[in-house]
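In what follows, a single structure is set out as structure tokens and then discussed.
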Amino acid sequence: MNTETQNTLFPMDNLSILRLQEVIFRTGLSRTTLYDMIAKGKFPQPISISTRTVGWIECEIASWLAERIGMSRKS
């Protein structure tokens with residue numbers, strides 16, 4: 001993937017990696033619920049940061065939150 005394509009997919013200002021505790025804080029979900037939703041394909045997959053460490057791309061979490069807010073406002 002070239003740099004131009006990468007910048008289109010993931011704007012650099014939102015290309016932060018969030019660790020588990022930050023994702024839990026931002027979403028209000030428990031760790032168990034979070035991983036259950038990931039397994040069911042209802043939450044963004046984490047990325048591997050190192051051999052034993054994962055994180056989530058901030059813009060994907062923000063998009064997920066925006067979708068949830070939109071869904072709750074339609075009801």
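Remark on Val54: its backbone amide H falls under 5 Å from those of Ile49, a criterion applied only to residues 5 or more positions apart or on other chains, H modelled at 1.01 Å from N.
The slack in the chain from Phe25 to Ser63, taken as 0.36 nm per residue of separation less the alpha-carbon distance, amounts to 12.1 nm. Taken one residue at a time, the phi angles of the stretch 17-22 give Karplus couplings (6.51, -1.76, 1.60, θ = phi - 60°) of 9, 9, 7, 3, 4, 5 Hz. Gly and Pro are set to x.
Bear in mind that the values in this text are calculations on the coordinates, not laboratory data. This is a predicted model, so every value here is computed, not measured.
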